[in-house]
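Nothing in this text is a laboratory measurement; each read-out follows from the coordinates by a stated rule. All of these numbers come straight from a predicted model, not from anything done at the bench. A quick note on method: Cβ atoms are made from the backbone with ideal geometry, for glycine too, and the neighbour counts reach across all protein chains shown.
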Amino acid sequence: MSKTEDLKWVSRVTLLGDTKAFDHLTRKYQSSIRQFFLNLTMGDTQLSDDLAQDTFIKAYLNLSSFQGLAGFSTWLFRIAYNVYYDAVRSRKVTADIDETAINQLHQTENEFSGSKFDIQTALLQLRNEERTAILLFYMEDKNHKEIAKIMNCPLGTIKTYILKGKEKLGKYLKENGYEDR
């Protein structure tokens, strides 16, 4: 599907009330949104599914506010980003919990193992903003401008997040037995 086709489906939902048209958009983007959350939550499938569901509900309820200035994908990832950070903020009350220890306890329950686990552990070394920018750039194939719109940050800030994130990831992985290739 192209951006034009996305606009067609959005128009059918907003102008005609065609809920099946939104199903097309959901099917197209649900895997990438869910994968985005899996990466941000370090493999917590239940939380990722909940966040993805919240994202699509909010997208559906606010579809009339989609102006088409950016692609539908960018708009949807912006909603996903907000949903994730709303969840993070609401969990700050219990922030005294050691996230690394919790992630290691649940390691056997998720799909990350071996080098994937090493990458996930390395991602934990990054600030949330750096991790999000890195994941959007490398895992979701978003360009700097799209990430800036999604994260509502200046373009230069996004480039800095990605650069600093790459440096921290490289340093951590090198210190833990991975060599430059």
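Simple spin-label estimate for ASN82 and TYR178 gives 3.3 nm between the two label positions (7 Å along the Cα-to-Cβ direction from each Cα). Step through the table entries LYS58/LYS159; LYS28/LYS58; LYS3/LYS149; LYS58/LYS149; LYS145/LYS166, compare each Cα-Cα distance with 20 Å, and write down the pairs that go over it. As for pairs spanning more than 20 Å Cα to Cα, those are LYS58/LYS159. Between LYS171 and ASP23, the FRET efficiency estimated from the beta carbon spacing at R0 = 45 angstrom works out to 0.50.
Remark: C-alpha extents of the range 113-181 on the principal axes read 35, 21, 20 Å, sorted largest to smallest.
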